[in-house]
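Below: the structure, in structure tokens.
The values are calculated or read from the model by the stated rules, or taken from the named source; none is laboratory data. The model shown is predicted, which means the values in this text are computed figures rather than measured ones. Every residue, glycine as well, gets a Cβ built from its backbone with ideal geometry; the counts of neighbours run over all protein chains shown. Just the protein is used for accessible areas: all its heavy atoms, side chains included, with ligands, DNA and RNA removed. Shrake-Rupley method; radii C 1.70, N 1.55, O 1.52, S 1.80 Å.
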Amino acid sequence: MGLYLGLGNSSIFWINSLLIPIFICATELSFKKRYYLFNTDVLLVGSGTIETHTTYLPFFKVQNVELKQTLFQAQKKVTDIVFQTASGKIKIPCIQIEKAQQIYNYTLFKIETSQKLWM
């Protein structure tokens, strides 16, 4: 890298020295602003980098729920839970497997027992 910086254009170095901290701060901010709240009737999911986007998901509107796990997540014992509705997918990333399993089972229970129409 030092050879590249010595032989290359110095403007690339200065652009990268400005952009890399911006990307690191944006990634850290989006990580800190991500949250979910689990209630008996509704799931509240929030995320965002600059603004906070909050999604209210009543359980009777869920059409499909699945747990997804990569090899790296399996080592850390975390998983992603994905809720599919008529309007799209809502994902809660990297939550503990035990908590994800509780949410998964409760959501399936609420889907099966709900008498409300989802449309």
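When the alpha carbon gyration tensor of the stretch 57-119 is reduced to an equivalent ellipsoid, the three semi-axes, largest first, read 24, 12, 7 Å.
Neighbours of Thr70, meaning other residues whose beta-carbon lies under 11 angstrom from its beta-carbon, give a summed charge of +1 when Lys and Arg score +1 and Asp and Glu score -1. Taking all Cα pairs closer than 8 Å and separated by 6 or more residues, the relative contact order of the chain comes to 17 percent. For the stretch 20-82, take N as its residue count and report Rg(C-alpha) divided by 2.2 N^0.38 Å. Computed over Cα atoms of the stretch 20-82, the ratio equals 1.36.
Largest GNM mean-square fluctuation across Thr49, Thr40, Thr107, computed for the chain with C-alpha springs under 10 Å, falls on Thr40.
Note on the chain: GNM, Cα springs under 10 Å; of Phe72, Phe109, Phe60, the largest mean-square fluctuation is that of Phe72. Near Asn105, once Lys and Arg are set to +1 and Asp and Glu to -1 for all other residues with Cβ below 12 Å from its Cβ, the sum equals 0.
Could you work out the helix-only [θ] at 222 nm for the chain, with each DSSP H run of four or more residues adding -39,500 (n - 2.57) and the total divided by the number of residues, to the nearest 500 deg cm²/dmol? Could the numbers behind the result be given before it?
Working: 4 runs with 53 residues, N = 119.
Calculated at 222 nm, the ellipticity per residue is -14000 deg cm²/dmol.
Using only side-chain charges placed at the Cβ, +1 for Lys and Arg and -1 for Asp and Glu, the dipole size of the chain relative to its Cα centre rounds to 120 debye. Using alpha carbons only, the radius of gyration of the chain set against its Kirkwood radius gives Rg/Rh = 1.19. Accessible surface area normalised per residue over the chain is 74 Å², counting heavy atoms of protein chains with a 1.4 Å rolling probe.
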